[in-house]
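S.K.: Before I ask anything, here is the structure I am working with.
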Amino acid sequence: MKATKRPACIVFAGGGTGGHLVPGLAVAEELRRRLPDARIVFIGTKRPVEEHMVPRAGFELRTVDAPRTPGHLWQWPGYPFRMWASVARAKAALRELAPGVVVALGGYSAAPVAWAAKKLGVPLALMEQNSVPGKANRLMSRWAREIYSQFESSRAHFAKPDRVLMLGNPLRESITKGSRERAYKLFGLEPGRPTLLILGGSQGARTVNESVSLAAADLESGPAMQIIHQTGSADFERVKERYKASKLASHVVAFLDEVPDALAAADLVISRAGATTLAELAACGKPSVLVPYPFAAEDHQRLNGEAFVAAGASVMIRNGEFTRAEAGRLVRELLFDEKRLRSMGDAAKTLAKLDATRDVCHHLLVILERADS
C-alpha cells in the first residue's frame with residue numbers, strides 16, 4: 001500500500017464511552033504507524049473518558065456540542081435547531097481540517113460530524129461494535145461508504161447491508177502484550193495469588209461496583225485473593241473506602257490505563273458486556289462473568305454476550321440478579337477452580353479476531369488513496 005501523495009488528514013468522530021473510543025484509538029494508532037506524517041484528529045464530547053484517553057494517546061481532541069437524540073416528546077421542539085448549530089460547527093471544523101476520510105465511531109456526538117461530511121462530500125466510514133447498532137449509527141449508515149462490524153447480526157439493521165464488512169472490533173496492538181509480573185509491581189499485588197479484575201467501564205457500572213465492593217467483606221474470610229477494580233469516576237471514592245475497610249488486597253482506580261497488564265494478571269474478569277470489552281477478553285483468552293447493562297439500546301449487551309456464553313467462555317447474569325450475595329458466590333465458585341477457568345479462557349480465544357485493526361486500516365487507506373487521486 002503506497003502512502004498518499006500529500007500528508008493525509010483523518011478525522012475520527014464520536015466516542016463518549018470507552019467502548020466506542022478504544023477501537024477508534026486502535027485504528028488511529030495503526031494509521032499513525034503507517035502514515036507518520038498524517039494529521040489525526042478526534043472530534044467528540046467533553047466527557048472525562050475522551051479528555052483523558054485521547055490526549056494521552058497523543059492525538060488532538062476537538063469537541064462539538066452535539067445534542068442527544070430526544071427521548072421524550074417535549075424534548076423535540078428545540079432539537080432541530082441544536083442539531084443545525086452542531087452541524088454548522090462540524091462543517092467549519094471539517095473545512096479547516098480538509099480530511100480525506102471521516103471515521104464515525106458511534107454515539108450521538110458522531111452524527112453532526114457525519115452529516116457535515118455528507119454535505120461537504122467527504123468520504124465517511126462507520127465502525128459498529130455491537131450486535132444491534134444504535135440510532136446514530138443506523139442514521140449515519142445511509143451516508144457511509146463502508147461499515148466495519150463485529151457481529152453478523154448487525155447487518156440487517158443497516159439501510160445498506162451490502163456495505164457492511166465483517167472485520168471484527170479493532171483493538172490496540174498492546175492489548176495482548178501485558179505482563180503479569182509487571183502488573184504485580186504496578187498494582188502492588190502478590191505474585192501467584194488468584195486475581196479478580198473488575199471492569200466497571202469508562203462511565204462506571206453502579207450495580208457491579210456496589211455488589212463486588214460490598215462482597216469484599218464476605219470474601220476476606222475465604223481463600224487468599226486480590227482484586228484490581230476499575231470503577232469509573234462516579235463510584236471511585238465509595239468503592240475505594242469499602243476495600244480499605246476490608247482485608248482484601250486491592251488496587252482501585254477510576255480509569256485504568258494499564259489494561260493489558262491488568263488483563264495479563266487476571267484469572268477472572270467481571271464486567272459489562274460491551275463489545276469492545278468482549279473483544280479484549282477474547283484476544284487475551286480471559287474467562288468472565290458478564291453483567292449486561294440493562295438499559296443498553298435493544299438489550300444489545302445481552303445479545304453481545306450470548307456468543308460468549310454459548311462458547312463456554314463466560315457466565316452471564318442479569319443486572320438485577322447480581323447482588324452482593326451472588327457476586328460473592330460467583331467469585332468463590334469460579335476464581336479458585338483452575339480447570340474451569342482454563343477451559344473458559346480457551347473458549348474465549350476461539351472468538352478472537354486479532355486482525356481487525358489491520359483490516360480496518362487497509363480499507364481506510366484505500367478510501368484515502370481514492371480521495372487523493
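S.K.: Of the residues that sit in region 167-187 and are under 23 Å from Ala275 (Cα atoms) and among the charged types (D, E, K, R), which one is farthest from the chain's Cα centre (by Cα)?
M.R.: The selected residue is Lys177.
S.K.: Report the residue count in region 144-166 for those that are open to solvent by less than 60 Å² (accessible area, probe 1.4 Å) and over 16 Å from the mean Cα position of the chain (by Cα).
M.R.: 10
S.K.: If you don't mind, another one. Would you check if there is a residue in region 308-316 being of a type in the set (Val, Ile, Thr), on the phi < 0 side of the Ramachandran plot, open to solvent by 10 Å² or more (accessible area, probe 1.4 Å) and not in a helix (DSSP H, G or I)?
M.R.: There is at least one residue in region 308-316 that is of a type in the set (Val, Ile, Thr), on the phi < 0 side of the Ramachandran plot, open to solvent by 10 Å² or more (accessible area, probe 1.4 Å) and not in a helix (DSSP H, G or I).
S.K.: Could you tell me whether Arg272 is touching a helix residue (DSSP H, G or I) at 6+ places or on another chain (Cβ under 7 Å) and among the basic types (Lys, Arg)?
M.R.: Yes; evaluated as a whole, the condition is true for this residue.
S.K.: Considering only region 1-65, give the strands (runs of 3 or more DSSP E) lying wholly within it that have at least 2 residues that are without any contact (Cβ under 8 Å) to a residue 60 or more places away in the chain and out of contact with any helix residue (DSSP H, G or I) (no Cβ under 7 Å at 6 or more places or on another chain).
M.R.: Filter on region 1-65 gives 60-63.
S.K.: Moving on to the next point. If you check every pair at least six apart or on different chains, which have Cβ atoms under 7 Å apart with a residue in region 225-243 that is under 17 Å from Arg193 (Cα atoms) and in a strand (DSSP E or B) first and a residue that is of a type in the set (Val, Ile, Thr) and open to solvent by 10 Å² or more (accessible area, probe 1.4 Å) second?
M.R.: His229/Val252
S.K.: Same structure again: Within region 281-305, can you find the residues that are assigned to a helix (DSSP H, G or I), at pLDDT below 95 and not polar (S, T, N, Q)?
M.R.: The answer is Ala297, Glu298, Asp299, His300, Arg302, Leu303, Gly305.
S.K.: What are the residue pairs meeting all of these: first residue in region 125-145, first residue within 17 Å of Phe12 (Cβ to Cβ), second residue of a type in the set (Ser, Thr, Tyr) and open to solvent by less than 60 Å² (accessible area, probe 1.4 Å), Cβ atoms under 6 Å, and 6 or more apart or on different chains?
M.R.: If the second residue must be of a type in the set (Ser, Thr, Tyr) and open to solvent by less than 60 Å² (accessible area, probe 1.4 Å), the pairs left are Leu126/Ser141; Met127/Tyr148; Glu128/Ser149; Glu128/Ser154; Gln129/Thr276; Ala136/Tyr108.
S.K.: Only residues that are open to solvent by 40 Å² or more (accessible area, probe 1.4 Å) and out of contact with any Gly (no Cβ under 6 Å at 6 or more places or on another chain): list them for region 282-307, please.
M.R.: Tyr293, Pro294, Phe295, Glu298, Asp299, Arg302, Leu303, Glu306, Ala307
S.K.: Considering only region 63-117, state which residues are open to solvent by 10 Å² or more (accessible area, probe 1.4 Å), under 25 Å from the mean Cα position of the chain (by Cα) and of a type in the set (S, T, N, Q).
M.R.: Within region 63-117, Thr63, Thr69 qualify.
S.K.: Does region 187-201 contain at least one residue that is surrounded by fewer than 18 Cβ atoms within 10 Å (Cβ to Cβ) and in a helix (DSSP H, G or I)?
M.R.: The answer is no; no qualifying residue exists.
The values are calculated or read from the model by the stated rules, or taken from the named source; none is laboratory data. Everything numeric here is computed off the predicted structure, so don't read it as measured data. Using ideal geometry, Cβ is built from the backbone for each residue, glycine included, and neighbour counts are taken over all protein chains shown. Surface accessibility is based on the protein's heavy atoms, side chains included, excluding ligands, DNA and RNA. Shrake-Rupley method; radii C 1.70, N 1.55, O 1.52, S 1.80 Å.
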